[in-house]
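Peer 1: Can you read through this structure? Questions will come right after.
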């Protein structure tokens, strides 16, 4: 079975137009790395349109649940989710900047 995964990162201008959603995105799974607006803004709409399973951290999944998304898989740090697509693991991403 072939699955499609949508990694959300869309510009606010594109999101505000809403035209890109209609039949253009196909996804079985949506992976959301964190809750910045450019990663999460239209995740609920995409999940609703596609029926995709959303995989993310507990806080993102809780917010999506309050916005009507039912097909979700929360991950705690260090946790994994395995499915027919493979495996997703929740890890800490630490950015190191030098000034």
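The values are calculated or read from the model by the stated rules, or taken from the named source; none is laboratory data. Just so it is clear, the structure is predicted and the values come from calculations on it, not from any experiment. Positions of Cβ are backbone-derived with ideal geometry, glycine not excepted, and every protein chain shown enters the neighbour counts.
Peer 1: Counting residues that are modelled with pLDDT under 85, which strands (runs of 3 or more DSSP E) fully inside segment 1-70 reach at least 3?
Peer 2: The qualifying strands (runs of 3 or more DSSP E) are 5-7.
Peer 1: For segment 73-91, give me each residue that is loosely packed, with under 14 Cβ neighbours inside 10 Å and either modelled with pLDDT of 90 or more or not in a loop (DSSP other than H, G, I, E, B) (or both).
Peer 2: 80, 82, 83, 86, 87, 89
Peer 1: Moving to a separate point now. Taking segment 65-88 on its own, how many of its residues are out of contact with any helix residue (DSSP H, G or I) (no Cβ under 6 Å at 6 or more places or on another chain), closer than 14 Å to residue 29 by Cβ and in contact (Cβ under 8 Å) with a residue 12 or more places away in the chain?
Peer 2: 8
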